[in-house]
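Enquirer: Questions regarding the structure given below will be posed in turn.
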Amino acid sequence: MFKPIKPFLILLLSYSISAKVTAQSSLPLYLDETKSIEQRIEDALSHMTLEEKVAMCHAQSKFSSAGVPRLGIPENWMTDGPHGIRAEVFWDKWDQAGWTNDSCIAFPALTCLAASWNTDMSALYGKVIGEEARYRNKNVLLGPGVNIYRTPLNGRNFEYMGEDPYLASKMVVPYIQGVQSNGVAACVKHFALNNQEINRHTVNVNVDDRALYEIYLPAFKAAVQEGKAWAIMGAYNKYKGQWACQNQYLLNDILRKEWSFDGVVVSDWGGVNDTKQAIYHGVDMEFGSWTDGLTMGTSNAYDNYFLAKPFLRLLQSGEVKEEEVDRKVRNILRLVFRTTMNTKRSWGSFGTEEHALAGRKIAQEGIVLLKNKNNTLPIDLSKTKKIAVIGENAMKVMTVGGGSSSLKARYEISPLDGLRKRTGAQAEIVYARGYAGEVSKGQDGLGTGQNISDNRSPEELVKEACEVAKDADFVVFIGGLNKNDGQDSEGNDRASLDLPYGQDLLISELAKVNRNLAVVMISGNAVAMPWVNEVPSIVQGWYLGTEAGNALASVLTGDVNPSGKLPFTFPVKLQDNGAHKLGVYPGNSEETYNESIFVGYRRADKEKISPLFSFGHGLSYTTFQYGKVTADKREMTADGKITFTISVKNTGKREGQEIVQLYISDLKSSLPRPVKELKGFDKISLKAGEEKTVTFTVDKTALSFFNADKHEWVAEPGDFEALIGASSTDIRSKTAFRLK
Ligand code: BGC
């Protein structure tokens, strides 16, 4: 199946042999890799004309921008991102160009990665997707995304890392480092406050500073300061009345001044809206615009971009100083020197078995066992002769669709095929569809290769499914959402928390005819589960990419012990979520985050609302017993540290992994604070009967909140608690301590 593709011999090193350069006796300084990047930037800049500088600041095709051919400075080539390397598109059109060697490995969606709570998985993900990008000669990967999960309706939650700023911060950093170890920039998106798709081009987000700094910015800050991301993508929405891609507050004040970001700011595609603001408000590279009466379909409109001729004219007339373009070009050159002009970077690899297996491993670590009454799962193949697989998502292609993260995958194993392959001759698999959603749609000229239209009535489909299910030894229902518009897909949000296509009724009926039932949800979002008490077992299966079916089958049959935990809260109903109860959603021109910092479990805790499934929840085929947490001191000084220790024992019969979570609770504070906040986690592996000690060391950053009046993080002296749990609602032990 895997035929390694021979590396293209595209020599980006052409700059070192370009005509102008070789004519000189010695290398110009900007080509001298023994010099610092900053020295090389200044030297390159000194050789460039105004026209050449401006040309670097805007697109020259859908996904590329100009280099300086005269100086041997290569073009910049971007690619989506964040789950695999997008198929080549035409120069000037979104449609794929029909290459035959651009089928990538599709990796699990970032929600799945976040659900692994395993920073090693993040590092692996970054490394392998970076290798794929490098091989395809892209120097910027448009991802990862770390917008916070504010509402379960956001059509793009599947591309992000959940509701918690600490978890997202920890998971994003190794991804970036992995990508960039290939000499490919990670472009972290969408900065900032792009928490819904509906009205994303019009909405102005009103959020208080505390929520901004405590909830919505930390993962971006970690990406910049710890991950050392080389690129950031602005968002489509507005903040304080300015578009996020040209925003004084977000880009100049926070990103550049407060965080000292030295990378390049790339606009979202079509995110720039005004020349003057784009000049002064922080964006360096403009992509995807359809400007001044030009439409999306107009070809070669690049000269009319806000940062193209209009910018050049302002520079030429002297109305805008040259230092404005120099500032941007410095950032772009820094990108170039870090990526394409780094002669030491590796060549990458693409579509390999190694990458597919990495994807499978990540998928297996991210799948979450939500419920498992009477140990219904794993399927015991020694006793199971006939398995009924029901549901459209057992066979529906999921790598195509969903917007810009749509992929042309080298292959995709469906859950049905994965189960068939795994069970082989051991068990017969019978399939019935059970419900019919809208047919799969292709994207960007890429079809799914599936014709799954079905004209039967819902009643007929349910009837057939129940017939099939009733005689089976085990029933696996595989449903959920999909990548169609209005589901888990860019550009729109879901209309409700409910499962679509009559699945609720179908699941209830299946539960009546067979008690050996596992319900598998393929989605990037929480869904309502009115049948939760009727079914014995539930698995959250995410979008798993190329190796989806194999990963899922390995968990369902018990080859792999599930170890993922939820990176966001599943509310019982929409009104349990702060954005819907208190916020203005979806807003048209104005969207107000009235729930402030009380997002996800922070709101559930505050209002004492029991979630359907909690943040941090996930079961295993084994059991874990937690000991008693101890602290190394009772009192911590402002510049000191405190260490918490707890033992965890595998009390079941098989090896498994547990994600031990540390939450900190400020018992008394001058401002309202969440009941508790995640400040540490550790995923440990334990053999049957094995016991390990887990330690967490924190300093005052784990105790701090953002004081908007002082515009700084503050840890107030007083009483705190450290809570150790298996989820945000399953706290196993706690201990009190003081901050002096
Ligand atoms: C999306 C970005 C994406 C870009 C390029 C935009 O519509 O918001 O996330 O990277 O398109 O495809």
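Enquirer: Could you check how much of the accessible area of the chain is carbon and sulfur, as a whole percent, using a 1.4 Å probe? Let's see the in-between values first.
Expert: Details: 13380 of 26490 Å².
Here carbon and sulfur together make up 51 percent of the probe-accessible area.
Enquirer: Which value in Å does the Kirkwood hydrodynamic radius of segment 84-196 take, with 1/r averaged over all unlike C-alpha pairs and then inverted? It would help to have the intermediate numbers written out before the result.
Expert: Working: mean 1/r = 0.0686 Å⁻¹.
Radius from the Kirkwood sum: 14.6 Å.
Enquirer: If you line up the long axis of helix 458-470 against the longest principal axis of the chain, both from Cα atoms, how many degrees apart are they, to the nearest 10?
Expert: With rounding to tens, the tilt is 60 degrees.
Enquirer: Dipole size in debye (nearest 20) for the chain around its Cα centre, Lys and Arg Cβ +1, Asp and Glu Cβ -1?
Expert: About 1540 debye.
Enquirer: Now for a separate question. List the relative contact order of segment 312-461 as a percent without decimals, with contacts defined as Cα pairs under 8 Å and 6+ residues apart. Intermediate results must be reported in sequence, preceding the final value.
Expert: On the way: 101 pairs, mean separation 30.0, N = 150.
It comes to 20 percent, rounded to a whole number.
Enquirer: For the chain, what is the percent of antiparallel DSSP beta bridges, rounded to the nearest 5? Walk me through the numbers on the way to the answer.
Expert: Details: 54 of 95 bridges.
Expressed as a percentage, antiparallel bridges in the chain total about 55.
Enquirer: Which value, in Å to one decimal place, does the Kirkwood hydrodynamic radius take for segment 6-338 when every pair of different Cα atoms is included? Before the final figure, lay out each step's value.
Expert: Numbers: mean 1/r = 0.0495 Å⁻¹.
This gives a value of 20.2 Å.
Enquirer: Here's something else I'd like to know. Given a Förster distance of 56 angstrom, what is the FRET efficiency for Leu505 paired with Ser346, based on the Cβ-Cβ distance and rounded to 0.05?
Expert: On the way: r = 53 Å, r/R0 = 0.94.
In this case the efficiency is close to 0.60.
Enquirer: Another question, then. Going from most exposed to least, what order do Trp77, Trp259, Trp347 have by accessible area with a 1.4 Å probe? Let's see the in-between values first.
Expert: Working: Trp77 65, Trp259 15, Trp347 125 Å².
Largest accessible area first, the list is Trp347, Trp77, Trp259.
Enquirer: Let me ask you something else. Filter Lys371/Lys470; Lys641/Lys683; Lys371/Lys653; Lys127/Lys238 down to the pairs with a C-alpha to C-alpha distance above 29 Å, please.
Expert: Working: Lys371/Lys470 22 Å; Lys641/Lys683 22 Å; Lys371/Lys653 19 Å; Lys127/Lys238 33 Å.
Lys127/Lys238, as the Cα separations exceed 29 Å there.
Enquirer: What figure, in Å² to the nearest 10, do you get for the accessible area of Thr735 with a 1.4 Å probe and non-protein molecules left out?
Expert: Accessible area, nearest 10 Å²: 10 Å².
Enquirer: If you place +1 on the Cβ of every Lys and Arg, -1 on the Cβ of every Asp and Glu, and leave all else neutral, what size is the dipole of segment 622-739 about its Cα centre, to the nearest 20 Debye? If you can, show how the numbers build up before the last one.
Expert: On the way: 19 positive and 17 negative charges, 85 e Å.
Charge dipole of segment 622-739: 400 debye, to the nearest 20.
Enquirer: Do the alpha carbons of any pairs in Lys228/Lys361; Lys189/Lys276; Lys441/Lys679 sit beyond 30 Å of each other, and which pairs?
Expert: On the way: Lys228/Lys361 26 Å; Lys189/Lys276 23 Å; Lys441/Lys679 42 Å.
As for pairs spanning more than 30 Å Cα to Cα, those are Lys441/Lys679.
Enquirer: What residue among Leu544, Ile232, Val368 has its Cα farthest toward the positive end of the dipole of the chain, where the charges are +1 on Lys, Arg and -1 on Asp, Glu, each on the Cβ?
Expert: So the residue furthest toward the plus end is Val368.
Enquirer: What number results when the radius of gyration of segment 236-344, computed over Cα atoms, is divided by 2.2 N^0.38 Å?
Expert: This ratio for segment 236-344 stands at 1.09.
Enquirer: In addition: Among DSSP beta bridges whose residues both lie in segment 396-541, state the antiparallel percentage, nearest 5.
Expert: Details: 1 of 11 bridges.
About 10 percent, rounded to the nearest 5.
Enquirer: As I understand it, the value is the acute angle between the Cα axis of helix 322-338 and the longest principal axis of the Cα atoms of the chain; what does it come to in degrees, rounded to 10?
Expert: That works out to roughly 50 degrees.
Enquirer: Let me ask something else about it. To the nearest 0.05, how large is the calculated FRET efficiency for Arg70 and Thr701 if R₀ is 41 Å and r is the Cβ-Cβ distance?
Expert: Working: r = 49 Å, r/R0 = 1.18.
With a Förster radius of 41 Å, E is 0.25.
Enquirer: Once the cut-off is 12 Å, how many percent of the Cα-Cα pairs in segment 31-80 end up in the long-distance tail? Don't skip to the end; give the middle numbers.
Expert: Details: 812 of 1225 pairs.
The answer is 66 percent, as a whole percent.
Enquirer: Looking at segment 6-338, what % of its DSSP beta bridges pair antiparallel, to the nearest 5? Walk me through the numbers before you get to the answer.
Expert: On the way: 7 of 23 bridges.
Expressed as a percentage, antiparallel bridges in segment 6-338 total about 30.
Enquirer: Using only alpha-carbon positions, what ratio does the radius of gyration of segment 367-565 give when scaled by 2.2 N^0.38 Å?
Expert: Working: Rg = 15.7 Å, N = 199, 2.2 N^0.38 = 16.4 Å.
Here the answer is 0.96, to two decimals.
Enquirer: Tally Lys/Arg at +1 and Asp/Glu at -1 over every other residue whose Cβ is under 10 Å from the Cβ of Ile684; what's the total?
Expert: Values: positive: Lys683, Lys692; negative: Glu658, Asp682, Glu690.
In short, -1.
Enquirer: A further question on this structure: Compute the angle between helix 165-180 and the longest alpha-carbon principal axis of the chain, please, reported from 0 to 90 degrees and rounded to the nearest 10.
Expert: It is inclined by approximately 60 degrees.
Enquirer: Rounded if a/c is under 1.5, else prolate if a/b beats b/c, else oblate: with a ≥ b ≥ c from the C-alpha gyration tensor eigenvalues square-rooted, which is segment 447-556?
Expert: Rounded shape, in that the Cα axes give a/c under 1.5.
Enquirer: For the pair Ser46 and Thr34, how long in nm is the line joining their label points, each one 7 Å along Cα→Cβ?
Expert: Distance between the two pseudo-spin positions: 1.8 nm.
Enquirer: Test of understanding: express the Cα radius of gyration of segment 137-203 as a ratio to 2.2 N^0.38 Å, with N the residue count. If you can, show how the numbers build up before the last one.
Expert: Values: Rg = 12.9 Å, N = 67, 2.2 N^0.38 = 10.9 Å.
Cα Rg divided by the expected 2.2 N^0.38 Å: 1.19.
Enquirer: Hey, another quick one. Over all distinct Cα pairs, what is the inverse of the mean 1/r for the chain, reported as the Kirkwood hydrodynamic radius in Å?
Expert: Values: mean 1/r = 0.0375 Å⁻¹.
The Cα-based Kirkwood calculation yields 26.7 Å.
Enquirer: Using only the alpha-carbon atoms of segment 552-600, report the extent along each of the three principal axes, biggest first, to the nearest angstrom.
Expert: Between the extreme Cα coordinates on each principal axis of segment 552-600 lie 50, 20, 17 Å.
Enquirer: Another question, if that's okay. Rounded if a/c is under 1.5, else prolate if a/b beats b/c, else oblate: with a ≥ b ≥ c from the C-alpha gyration tensor eigenvalues square-rooted, which is segment 500-612?
Expert: Numbers: a/c = 2.13, a/b = 1.75, b/c = 1.22.
The shape class here is prolate.
Enquirer: Starting from the Cα gyration tensor of segment 622-739, take the square roots of the eigenvalues, sort them a ≥ b ≥ c, and report rounded, prolate or oblate (rounded when a/c is under 1.5, otherwise prolate if a/b is larger than b/c, else oblate). Please report the intermediate quantities before stating the final value.
Expert: On the way: a/c = 2.75, a/b = 2.23, b/c = 1.23.
Cα axes put segment 622-739 in the prolate bin.
Enquirer: Still on this model: Put +1 on the Cβ of every Lys and Arg and -1 on every Asp and Glu Cβ in segment 622-739; which of Asn650, Val714, Met636 then has its Cα farthest towards the positive end of the dipole?
Expert: Asn650
The values are calculated or read from the model by the stated rules, or taken from the named source; none is laboratory data. This structure is a prediction, so every number in the text was calculated from the model and none was measured. Because the Cβ atoms are built from the backbone with ideal geometry, glycine has one as well, and the counts that use them run over all protein chains shown. In case anyone asks, the SASA skips ligands and DNA or RNA and just uses the protein heavy atoms, side chains included. Shrake-Rupley method; radii C 1.70, N 1.55, O 1.52, S 1.80 Å.
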